[in-house]
Amino acid sequence: MPDPLLDVRHLSKHYGSATGLLKRLSGAKSAPLIAVDDVSFTIAQGEIFSLVGESGSGKTTLGRSLLRLIEPTTGEIRFDGTDLCTLDATAMRAMRRQVQMIFQDPYSSLNPRLTVRQTIGEVLRVHAIRPVAQIDARITELLALVGLPAEALDRTPRNFSGGQLQRLGIARALAMEPLFIVADEPVSAVDVSMQAQIMNLLLDLRSRLGLTLLFIAHDLSVVRYLSDRVGVMYMGRIVESGTRNQMFEVARHPYTQALLRAAPRPDPARKGTEAAVRGEPPSPLSPPPGCHFHTRCPFATAICRSTPPPPETVAPGHVVRCHHHAQTHVMP
């Protein structure tokens, strides 16, 4: 089996906790906020691996840490055999030609004063991807690749719809000719009519350009349509991962099962949806000991409250962190 394109090992990201004025004056220390907690996974060349979970689970922090837009606290990020965490600023700048990001909000990720020609042209010039004489032609090629007309060259972001702006953000990422892209909820800021078009565009680009993607989302229907493999995050940990079919047909972790039960289904006989998970999530400044999910889990026992569950392989490629995964009810 070939080595994965991306191999993440024991990655964590901690933030110094925010404290009140009295604590700062007294010098009192408090626990850090653990946004990503000992995460390991791999992504093969040409694969789409999706991360799902509730807001605040650490998905975006993990995605940005992979590109070192946020510096990880500990761990390794091996991209094509190179540990990105060991690269200095100059080497990391060169590596960014191969690793890019599509941001969630296309409105805030683009300079409102720059035209499309200026926005993408700046990328091509700064990184010397094309000779100056070929820049306009390359921008036109990129626009065609994402389904935008050549007439868009001299327009500013205010002249585009949300879906068109997201296509422009994709074109800007593709200008670097990357091998790997982190797509951070790229369809959450566009209306439903545009979501399928953006997803189909990403699938087409994966096929045509051989791209590898980490796709971050909270909508399970989007993940099911797009993904090869799926990882489920809860309070900074990946609690279950596997192929698309494993995760949607034989999920073993109670949290994954709760998310699936809450997902809308096109069934007229089904009235509404369940809440994703019962109860309130714990504070990330004071996570519960043992399994972080035990405070909301119907299967929790004493071992769950004291001992973090290790990752267990329950089928080829299907890994779960749950002491009682053998006793949980498999989703129909």
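General remarks:
- Shape of the range 42-126, Cα gyration tensor, a/c cut at 1.5: oblate
- In degrees, nearest ten, helix 116-126 long axis to first principal axis of the chain (Cα): 90
- Oblate is the label for the range 62-218, because a/c, from the alpha-carbon gyration tensor with a ≥ b ≥ c as root eigenvalues, is 1.5 or above and a/b does not exceed b/c.
- Cβ-to-Cβ counts within 10 Å put I70, I43 in ascending order as I70, I43, the fewest first.
- Cα Rg, Dmax (largest Cα-Cα span) when computed across the range 103-153, Å: 11.2, 32
- Ranked packing of 196-207, 211-222, most packed first, by mean Cβ within 10 Å: 211-222, 196-207
- Antiparallel DSSP beta bridges within the chain, as percent of all bridges there, nearest 5: 60
- The chain - percent relative contact order, Cα under 8 Å, separation 6 or more: 20
- Sorting 183-192, 301-310, 113-122 by their mean Cβ neighbour count within 10 Å, with the most densely packed peptide first, gives 183-192, 113-122, 301-310.
- Residue-normalised convex hull volume from the C-alpha trace of the range 117-207: 99 Å³ per residue.
- Ordering of 227-234, 102-109 by packing [mean C-beta count within 10 Å, highest first]: 227-234, 102-109
- Counting Cα-Cα pairs of the range 182-322 in 5 Å increments starting at 0 gives whole-percent bin shares of 2, 9, 16, 19, 19, 16, 10, 6, 3, 1, 0.
- Under a 5 Å amide H cut-off, with hydrogens placed 1.01 Å from N, T73 pairs with S12, K13, H14 among residues at least 5 apart or on other chains.
- Over all pairs of different C-alpha atoms, the range 207-263 has a mean inverse distance whose reciprocal, the Kirkwood radius, equals 12.0 Å.
Any read-out appearing in this document is the output of simple, stated calculations on the displayed coordinates, not a laboratory observation. This is a predicted model, so every value here is computed, not measured. Counting neighbours? That spans all protein chains shown, and the Cβs are built from the backbone with ideal geometry, glycine included.
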